[in-house]
Structures are given as C-alpha cells and as structure tokens.
1. Which of the residues that make up the stretch 400-428 are under 22 Å from the mean Cα position of the chain (by Cα) and either within 25 Å of residue 15 (Cα to Cα) or part of a strand (DSSP E or B) (or both)?
2. In the list 280, 265, 228, which residue meets the criterion of being within 30 Å of residue 617 (Cβ to Cβ), modelled with pLDDT under 95 and polar (S, T, N, Q)?
3. Does residue 127 satisfy the condition of being touching an Asp or Glu at 6+ places or on another chain (Cβ under 7 Å), at positive phi and modelled with pLDDT of 95 or more?
4. Kindly indicate whether any position in the stretch 377-390 is among the aliphatic types (A, V, I, L, M), more than 30 Å from residue 23 (Cα to Cα), at pLDDT 95 or above and not assigned by TED's automatic domain parsing to the domain that holds residue 13.
5. Please tell me if residue 218 is outside the structural domain of residue 99 (by TED's automatic domain parsing), more than 23 Å from residue 108 (Cα to Cα) and modelled with pLDDT of 95 or more.
6. Working carefully through the options 95, 79, find the one that is part of a helix (DSSP H, G or I) and under 18 Å from residue 431 (Cα atoms).
7. Any idea which of (1) in contact with a helix residue (DSSP H, G or I) (Cβ under 9 Å, 6 or more places away or on another chain); (2) farther than 22 Å from residue 217 by Cβ; (3) of a type outside the set (Val, Ile, Thr) is the one residue 459 doesn't satisfy?
8. Filtering the stretch 175-194 down to residues that are outside any loop (DSSP other than H, G, I, E, B) and in contact (Cβ under 8 Å) with a residue 40 or more places away in the chain, which residue is surrounded by the fewest Cβ atoms within 10 Å (Cβ to Cβ)?
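The values are calculated or read from the model by the stated rules, or taken from the named source; none is laboratory data. This is a predicted model, so every value here is computed, not measured. Cβ sites come from the backbone with ideal geometry, for glycine too, and all protein chains shown count toward neighbours.
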Amino acid sequence: MTQANPFARPWSTPFGAPPFSSFRTEDFRPAFDAALAANLAEIEAIANNPQAPTFANSIEAMERAGEDLNRVGGVFWNLTGTMSDEPIRAIERDLSPILSRHRSAIRLNPKLFARIDAVFRARETVGLGAEQMRLVERVHKMFSRSGAALEQADRERLAAISERLATLGTQFSQNVLQDESDYILPLETAADRAGLSRDFLSSAAAYANEHGLAGKHGVSLSRGVVETFLSTSTRRDLREKLLHAFLMRGQNGGATDNRAIIAETLRLRGERARLLGYKTYADYKLDDTMAGDAASVYKLIDDVWKPGREQALRERERLQSMISDEGDNFTLAAHDWRFYAEKLRSSQYAFDDAELRPYLPLDRMIEAAFFVAGKLFGLSFEERKDIETYHPDVRVFEAKDAAGQHVGLFFGDYFARASKRGGAWMSAFRSQRKLDGDQRPIIINVLNIAKPSEGAPALLSTTEASTLFHEFGHALHGLLSDVTYPTLAGTAVSGDFVELPSQLFEHWLFTQEVLSRFARHVETGEPLAAEKIERIGAAAKFNQGFITVEFCSSAYVDMDAHMAANVDDPMGIEDATLARIRNPDEVPMRHRSPHFSHAFAGEGYAAGYYSYLWAATLDQDAFAAFTETGDVFNPEVARRLRENVYSAGNLRDPKAAYIAFRGRLPSVDPLLKSRGFA
C-alpha cells in the first residue's frame, strides 16, 4: 500500500468521516492486504507474549487490535451494498475466502485461546468490573463456538468449511443482486400503466432510462416497487408476470441459480455444527440466543401461525367475495391478493395507501423520526453539507445530545438505484467505543424508496414510512451505544434481541402525537385529519393474516432447513414444510429459499429469521410500558429504555437487559392482540 492510498494516512475530514472522493476501486485490495497483515502481527504478539495471561495483555489487547481492518472494511462493505459494480463484486469475491481464512487463523489459534481460557478461568478472582467480566465471557464463548478447543484436524476442517461458506454466501448474494438488476418489466402502453400513480410512473421512467430505454417505463424487482405495483396495477396479467419474476429470483437456471449453493451451504453448516458437538446447525445457532433452543422457537411460531393462518383463510374468503361481487369469475391468486386487499382496506377504512402518500413525504418522515429521538432520548440532528458522501442522493446529519455535545454522524441513503441491493438495513462506517478515548459512531441507514422526478417530493407508503422508522431504530441502537469495548458495542447483541430497538421504534410513527404534527399534505400543508389517524390505528389489524402467514412460512422453512438431516434437495425441504403447515397457495413465502438472503447470504439470520417474531413479542410488550402510563414519551420509561436497551450494547444477557427495563419478561399475548388474533 503506497502513501497515495487514502487508507495509508489519518483522515483530516470532519469527525474523521471517510473521504469518499479520495477512494478508487483499486485502493481497496492493497489496503485490505496491509490491514490483514498488521492485524495478524498484532494477534501473534498477543498469542506469543511471554508474560502470564491477564485481562489487559490478552482480552483488552485483542480489543485494540484490527483498527486498520475495521476502517477499510467499514467503507468497503458498505459500498458493496450501495454502489456495487463488477470491479467491486470481483474484489468482494476474492476477499470472502481470504477474510474467512484470516478469522479462522485468529479464532483457531491454540496459543491465543490458551491465554483467553486462562483469563476466563481466573475471572472471578482478579477483580474485574462488570463490563470486563461480560467481555471475558463473550470472547471465550465466541472462540469456543468457533472450535478453538478442538483437536488440530478438526480445527483445520472447520477453517476449510468457514472459507467455503464465505465464498458461497458472497456468490448467493451476488446472484440475487444480478437477477434483480438485470430485470425490467416494460410498460409499453397506457393500458399497461393503468392504476399506477404519477409518482410511481416517474420512478418507472427513471428505471427504464437506467436500462437504456429512454422515454419508456419499466418496473424493477425492488420489494417496495413490486408491492406497490401488485397493490395498484389493474393489469392482472402484468401483476402475475412481475410476481413470478420476483418469486423466481435465484431459481432461473444458469449462472445465477442458487439452488446448488443452498444445498452445499446446508451440508457444510450441518457438518460444522456436528464438529462442535451439536446435533444440527439450528441447535448450534440457537445455543447463543435469547430463545435458547429450537423447541422455544417452534413454539413461538406455532402460537402465532395457527391463529394467523385461520385469519388468512377468512381474509381469502372476503377477497374472493369481492371478486365475485365485481362480476369476475376467476379464483383469487397470489398476484391478486394485494390488489384486492388494498381495495378492501380503502372501502373498509375510507382511505387507501395512495391517498395517504401525499401526507407522508420523505423529508417530513425523516423529521418525524428525529423528533421522536429527541422526545425520547434528547437527541437533535443537524444536516451537514460539509461532509462527503459516496453518492449525491446520500444525506449526512450530525447527532447531538441534550447538552449540544456530538453523539455521532448519521448517513441516510434512501433511494433505489441499480447499484444497490434490495431491501433496507443499518450499518456502520465506525462503531462506538470508549477504550483509549471516546470514539463516536458513524452510522448509515439504507432504504430503497423509488426516486421521484427532479424537483418532486418522494411520497412514502405506510410500509415505507414504517421501514424508515424501523431502520432508524437500529441507527439509534448504534448512535446511543455507551460501552468501553467494541466487541460489546451497539448492535453486537444476540440476533433475536437486535430487532427490539428497531421494531419498537416503529410504534411511534402512527401515534397521534407524531402524525398530527408531521403528516401534512405535501402541497397544501393541510394536516392529516384526526379521524383518518384513528382509522390508520384501526386498520393496523387489517390483512394481518396474510402478513403473518408470509412471514411464518419463511421462518418455518429457515428452521426446517437448518434442522434437516438430508439437505441434497433444498427445494424439497421448502415444499415439504409448506405442505406440513398447510400454507395457503395464495400467500407465497415472504422469502423463498433461492433468494432468502437472510438465511443464505451470510449467517446473521440463518436459523434466525424467527427473531423478527421474537422481537415483535418484546416490542409489543415494551411499547405497552409507555401506553400504560398514558404518555407515549414518558421520561422515566424512556430513561430505562435508553439505559438498558439502546445504550447498553451487549453489557448484559438479553433476558436480564429486558427485565432491567420492564421488570419482567414478556408474554406473546400483546402480540396476538395487536394482530387481532386474541
């Protein structure tokens, strides 16, 4: 790495933000090579330290290691999701096995683990503080679960498995992205565009232009775009065509087909679990979660599935009746559900999503999220035009506390584009830590909202507005982090607890206090009428059977696949699961296996997709802590929430953290009630 490489020197930018204009694609590989070498040297120095193992020279020394790698990776991995092109994807493919080997070289280093194990065994007698004790226990468990205590041959096999899984996960993700970015549904005639809003068509024109069809209209496979088209297009044949393409991502044959990748991934995950002493991969994964075991996960899904499926069948009958009442003689199909559900919602609650969109412009919804963060946690946000971004659409805000002190930077990347993978997520360019000084976080939210025409406001659906609040809840989890050690910081918590801060934050969007203030017509400034706000609340239970079934079917398939003994036919597992639970044909899985990135493009949500449902149980109960007081911004409840959830990182076991906030563990009853099932 030459001195010309921007990663070779400190950044003199405001708050040390990445100097995006300085980065070239060819800078990343030499920067990674240098950072990997430096990190290995740091680890070797710790492992071969001749002094007796202590917390300071072993555990804390490891927390200091890898800063260069974190800096390079913080930039690169965010760009792979937001500004991907073939040169970036080629580097990503090359790096995946290299980084896996690097992690294995650390996690499976016997000398290093011997020092960690020595500190762990002596932890009760050396005067560690509570956070230090938690760190020792987490690091020891992390190394143990990686196979550090196994014999040499088994460690070598685990390293090989991890390397291959890293390659497979990257290829899976890139295949889905390729299928999405290559696809366009052209809207050739006025009839093709019937029912679609002006804003949607403006976005469709921009998408067609990106694909070399200037002056035309085209529809992408971005989830938000697909769901809007299915809800509003009057062309039943085009709805069927688009939904089919959406459901078949990763299963079209050829180079981007993911079925063989899934089968190999499941086989390797199962082998790794058995090497580590677990019967199945699901058993391995759940051992380090709040749920604890597969039986607890299946019980939760079962408890919600049964009433959810019954409700979905009732919803199906109502939609079929609508079709018959309109004089049509076809049977409701999957590509019809959203269209007729939107019609039913409009008639039942006297509004539809298209009517609400002018009251939910993007800028006002961003303000609303900031307002809630201010009311709950005393934060304020100031837009900074002097901080570089990687794309002109990205916005940057400085977060400050109630005393006006800097808390962190927040990047918002809201609009869909061909270089961005689908979905929505939170990530970090830099995480919080207080070790060796107070390092403040740099957090990013990425969404895929259809970009409006030049000068026009972006108008959100209620789902998109909820997604914005959801991801900002994750962002606050990163921004408010207040811990010493990076391993415990921010969102580094168990997978079935990490969704609590995000799903809980969604609740404030549709409160009277927020909508009455921020839901104003984008042209007239007229506030959303109080009776409509009430109808939005009443409509919250609408279509919950469909929503529950499409989610739970994916959660079941995820669990069954990772519990299965025979994984040669992953699509057979999917088919068998759907048959076992008697999944209604009209409600397809939210994520079919060939594009189920949560489960197969990495391991974050593998045997863990249920965690959204687990967190929903928590967030319904947690929001009740506010509503029970009669004040959705109750200061004392907000203080407990901040101290025990949003700021606490992984300082406690998640059950202990929730009890510290709420005084008890939750039940599933509030969740069932919120969905109209109880």
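1. Pass one, the stretch 400-428, residues under 22 Å from the mean Cα position of the chain (by Cα): 408-428.
408, 409, 410, 411, 412, 413, 414, 415, 425, 426, 427, 428, listed by residue number.
2. Exactly one of 280, 265, 228 is within 30 Å of residue 617 (Cβ to Cβ), modelled with pLDDT under 95 and polar (S, T, N, Q), namely 228.
3. So residue 127 fails the test.
4. Our first condition is that a residue be among the aliphatic types (A, V, I, L, M); within the stretch 377-390, this holds for 379, 387.
Keeping just the survivors that are more than 30 Å from residue 23 (Cα to Cα) gives 379.
With at pLDDT 95 or above added as a condition, the list becomes 379.
Adding the requirement that they be not assigned by TED's automatic domain parsing to the domain that holds residue 13 leaves 379.
Scanning the stretch 377-390, I find at least one residue that is among the aliphatic types (A, V, I, L, M), more than 30 Å from residue 23 (Cα to Cα), at pLDDT 95 or above and not assigned by TED's automatic domain parsing to the domain that holds residue 13, so the answer is yes.
5. Numbers: outside the structural domain of residue 99 (by TED's automatic domain parsing): yes; more than 23 Å from residue 108 (Cα to Cα): yes; modelled with pLDDT of 95 or more: yes.
For residue 218, the condition - outside the structural domain of residue 99 (by TED's automatic domain parsing), more than 23 Å from residue 108 (Cα to Cα) and modelled with pLDDT of 95 or more - is met.
6. Just one listed residue meets the conditions, 79.
7. Answer for residue 459: the failing condition is (2).
8. 178
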